[in-house]
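What follows is one structure encoded as structure tokens, with my remarks underneath.
Bear in mind that the values in this text are calculations on the coordinates, not laboratory data. Quantities reported herein were computed from a predicted structural model and do not represent experimental measurements. In this analysis, Cβ positions are derived from the backbone assuming ideal geometry, glycine residues included, and neighbour counts consider all displayed protein chains.
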Amino acid sequence: MILNSIITLSDGRQIILETGRYAQQATAAVTARIGDTVVFAAVTAGRENPDIDYLPLMVEYQERLYAGGKMKGSRWVKREGRASDEAILTSRLTDRSIRPLFPKTFRREIQIIITTLSVDGENDPDMAAIIATTAALSISGLPFAGPVGSIRVGYVSQNGAAGTFVANPTHQDRQYSDLDLVVSGTSGGIHMLEAGANQVSEETILSGMKFAQGEINKIIEGISELKTKVGTKDIKFTLPDETEVLKTAKIIKKKYLKELSEAIKGMATKESDSDTKELVTAISEKEGITDPVLAAAALNKAVYQLIREQILEKSIRPDGRKLDEIRQITVRVGELPRTHGSAMFQRGSTQALSVVTLASPANEQLLESPESEESKRYIHHYNMPPFSVGETGRLGWPSRREIGHGALAERALFPVIPSKTQFPYTIRVVSEIMSGNGSTSMASTCGSTLALMDAGVPILAPVAGIAMGLIIEDGKTAILSDIIGLEDFKGDMDFKVAGTEKGVTAMQMDIKVKGLSFEIMEKALAQAKDGRLFILGKMMAVQSLPNPKISKFAPKISVVQIDPEKIGGIIGPGGKIIRRIIAETGAQVDVEDDGMVTISGTDEAGVQKAIDWVKGLTEEAEIGKEYDGEIVRIVPFGVFVNILPGKDGLVHISKLATGFLNHPEDVVKEGDKLKVKVAEVDDQGRVNLVPVTPLIAPAGQSPQFLPSGRRLAGTAQSSGYSGGGDRRPDSGFRRRESFGNDRDHRGPRKPYRGRGR
């Protein structure tokens, strides 16, 4: 039986949920439709796996190019390949929206496969993916404390006045929005958010979260309606009995308080908990605990309880800092000798080395998705190898965590990256995490800001980031600034905020408790702002402005804007002209459809030569303007002078010298330089020139031409070429054109009738 539920948002748009049409053998399956975007989510419950100590939840988001009526661009491979970064980020968004709502000790495998079936180019499928998933979980019978609603919120400012919030803005709406906020939550409050913002204030973001909660409640009502219609029975499951773990943890905390405190101090210095293994063994031997799993779980619980008690009751953090205290910061720029820009940012034992590479627009990254094909000129990558936390491990493709952290740092810096017209480079930043102990993505943001300024990228403002934590228990709360890994693992919140002095540029929040009050959110945002400004001060004390010049090792890039109608003149037939420019100058030339020509290369002289060449190809000869020309062809009635690349003009023999000439070769030869002035440009674009300083004719010359322009009998034969016009360097022939005699001295203008080739 096909059942559905219709959700109406505040702007009147609808989300249609449907179950029963597809995948009857899955535990639960739901499609979500927004506009013509349709996403399908299937939830399957697998076997119990009591031998692991984590929730075995797998979320896979699959993009299908057919959803947008597209086929893969590769000539050889037409099947979709490995998941794109965008698909991985959508998987992470979905996972972070649902994972906190399962029991922590649930050990039954759960696989969620989400597939895009249709995209309309307006409504983003990621929101439909989260809603379809939470709806499927809600009707699955699994122990899921949902339903969960998820909404994207945009914010369009209105000439300095209070702006307007938009629910699920279309792609077109988002072009005018200063905020891209994704919020997931239950009726009890928000527990996941992700945001990119154009230096938006904390107050505006908080208002956007409150607006989102209202839309989330509508989605939850729709999912609850579908659940009622389906009438799913709960799946039977058993959670591990933790009575023995709690009992043993209580004994350990009481008898080994000193040892635990020392262990916590050691754990505070790094993310790895390998140092506790020896303590587990020692306690097991003294207490006669034969089950190693019980001993490890009890010690972990004792550490968890002790850390939280010390923070809530004594405001003592594991590393001895105050609740709002930032770790010691060390900043260095110009760290590497041959890179285009580099910087090291260290906060406590978290250490990020960021490196900038500048390249021509031809190096932009091309992105292919069901919705569109687009290019990307600012790219941020993040690497966190095993040695950064003192562990061994395999290297290969970047993990989902690495892709997510790189995307967060990229989002934080994107609003301050200069436009392509202002800085026509493709920019790649790579953050290498040399040591990790909490907040590595925010350290990457800080280090990358410094590296960009070191590279001479004229960013609009420096960006810093900070990670906030939270301990909440029995009505008591403690908000922590600049959390370490241990506080992240044992705490209730990981809240990252990045921004400039003016406002927020990116946020990411995950909460392990069900819902969070807006009062706590407001306090966390205010405390994060204080911390961010403190870190910015430390950074700007080392590098406050971008370097005035880019590295000598970076390519030199210039932009020439031309009339789009003249693009063909630069490219030439079959690309001959542009290939010649590249071959002779060594520069890279990229031509956009809007007439923007980007010229790049490592040789400044070659770049300048290419710039002059392109300008010459598109520049028009101006009447009265003087040019330093070169004689490129001599004919009996005058000389052709090249004044611009591909542009020749005629100096008639009567104007070439004082007195009479039998032939131009009596005073000039090919290759001679001649300063000329444009006397006329006719309606067909032909150029007549006169020398700025006429040459002196040899004595004893007599005229070869009658006043009418006809050649006297017995004089030299025609050259066989009858025209001037544009010189085409890529071919051996020229257009048949004719130039008339000068009107001022020869009377009415009449064309010269010569034999064309």
Toy charge model, Lys and Arg Cβ at +1, Asp and Glu Cβ at -1: the range 556-618 dipole around Cα centroid in debye, rounded to 20, equals 280 debye
In deg cm²/dmol, rounded to the nearest 500, the helical mean residue ellipticity at 222 nm of the chain, built from -39500 (n - 2.57) for every DSSP H run of length 4 or more, is -9000 deg cm²/dmol
Convex hull around the C-alpha positions of the range 513-566: the volume in Å³ per residue is 271 Å³
For the range 3-230, the Cα gyration tensor yields equivalent-ellipsoid semi-axes (√(5λ), largest first, whole Å) of 28, 22, 18
Dipole check, the chain, charges on Cβ (K,R +1; D,E -1), about Cα centroid: among 182, 524, 299 the Cα furthest to the positive pole belongs to 182
At q = 0.21, 0.22 Å⁻¹, the log10 of I(q)/I(0) for the range 579-623 from a Debye sum over equal Cα scatterers comes to -0.67, -0.72
Counting Lys and Arg as +1 and Asp and Glu as -1 over every other residue whose Cβ sits under 15 Å from the Cβ of residue 396, the net charge comes to +3
Computed over the chain, the distribution of all Cα-Cα distances in 10 Å bins, rounded to whole %, is 2, 12, 18, 19, 15, 10, 8, 7, 5, 3, 2, 1, 0
Quick shape summary for the range 438-571, equivalent ellipsoid via Cα gyration tensor, semi-axes whole Å in descending order, reads 41, 18, 13
Per DSSP, the loop-located trypsin sites (Lys or Arg not before Pro) within the range 318-412 having at most 14 other beta carbons within 10 Å are 322, 338, 394
Over the range 329-540, the quotient of the Cα radius of gyration and 2.2 N^0.38 Å is 1.04
Sorting 457, 168, 138 by the position of each Cα along the dipole of the chain (Lys, Arg +1; Asp, Glu -1; all at Cβ), the one nearest the positive end of that ordering is 457
Of all stretches in the chain that avoid chymotrypsin sites (Phe, Trp or Tyr not before Pro) placed in a DSSP loop and having at most 13 other Cβ atoms within 10 Å, the longest is 177-552
Gyration tensor on Cα atoms of the range 296-343, a ≥ b ≥ c root eigenvalues, a/c under 1.5 rounded, else prolate if a/b beats b/c, else oblate, says oblate
In Å³ per residue, the alpha-carbon convex hull of the range 1-127 encloses 147 Å³
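How charged is the neighbourhood of residue 33? Take every other residue with its Cβ under 12 Å from the Cβ of residue 33, and add Lys/Arg as +1 and Asp/Glu as -1.
Cβ neighbours under 12 Å give a net charge of -1.
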Semi-axes in Å, largest first, for the range 253-394 (Cα gyration tensor, √(5λ)) are 43, 20, 16
hull vol. (C-alpha, convex hull) per residue for the range 52-177, Å³ -> 148 Å³
Applied in sequence order to the range 394-409, the curve 6.51 cos²θ - 1.76 cosθ + 1.60 (Karplus, θ = phi - 60°) yields integer Hz couplings, x standing for Gly and Pro, of 8, 9, x, 5, x, 6, 4, 5, 5, 5, x, 5, x, 5, 5, 5
With no solvent term and unit scatterers on the alpha-carbon positions of the range 243-314, Debye gives log₁₀ I(q)/I(0) at q = 0.17 Å⁻¹ of -0.57
Counting only residues 5 or more apart in sequence or on a different chain, those whose built amide H sits under 5 Å from that of residue 378 are 427
Rh_Kirkwood(the range 535-598) over Cα pairs, Å, one decimal, evaluates to 14.7 Å
So, over other residues within a Cβ distance under 11 Å of residue 624, counting Lys, Arg +1 and Asp, Glu -1, the net charge is -1
A student applying the Cα gyration tensor rule (rounded when a/c is under 1.5; otherwise prolate if a/b is larger than b/c, oblate if not) would label the range 403-507 prolate
Quick note, the range 163-309: a/c under 1.5 would make it rounded; otherwise a/b > b/c is prolate and the rest oblate (a ≥ b ≥ c, C-alpha gyration tensor); here it is oblate
